[in-house]
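Single-structure report; data block below.
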Amino acid sequence: QVQLLESGGGLVRPGGSLRLSCAASGSISTIIAMGWYRQAPGKQRELVADITSGNSTTYADSVKGRFTISRDNAKNAVYLQMNSLKPEDTAVYYCHARIRVRTGGAVFAYWGQGTQVTVSS
């Protein structure tokens, strides 16, 4: 059983910053990649940023230059530093991980429970 525990959401004014954290626990052989998705009311869930075990990163165009994803392999954790936040960044942010639970086994996708980020004056 694998669990993803998120923290760090909240209410912030436009132009402000927040840092999201997510730690994976449980039966883990290899974490292939970790990342963050978000879902705003009435919209589809979208990729925000992703980082592989080799530290290759992917960002949505809308957050490039403002958000930074990083990873601590020793802690099975991923972080999202969000700067220059805008009202359109308001959404529930979900941690996502692709994990191999057994050596040589299949890779499964896991989701956190979500954390609310609200950008408003």
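Quick note: the coordinates plus some simple rules give every number you see, no bench work behind them. This is a predicted model, so every value here is computed, not measured. All Cβ positions, even for glycine, are placed from backbone atoms using ideal geometry, and neighbour counts span all protein chains on display.
What is the distance, in nm, between label points placed 7 Å from the Cα along the Cα-to-Cβ direction at Arg19 and at Thr52?
2.7
For the pair Ala109 and Arg45, how long in nm is the line joining their label points, each one 7 Å along Cα→Cβ?
Inter-label distance under the simple model: 0.7 nm.
Starting from the Cα-Cα distance between Ser7 and Asp72, subtract it from 0.36 nm times their residue separation and give me the gain in nm to one decimal.
The span from Ser7 to Asp72 would gain 21.9 nm if fully extended.
How long are the three semi-axes of the equivalent ellipsoid for the chain, computed from the Cα gyration tensor as the root of 5 times each eigenvalue, in whole Å, largest first?
26, 14, 12
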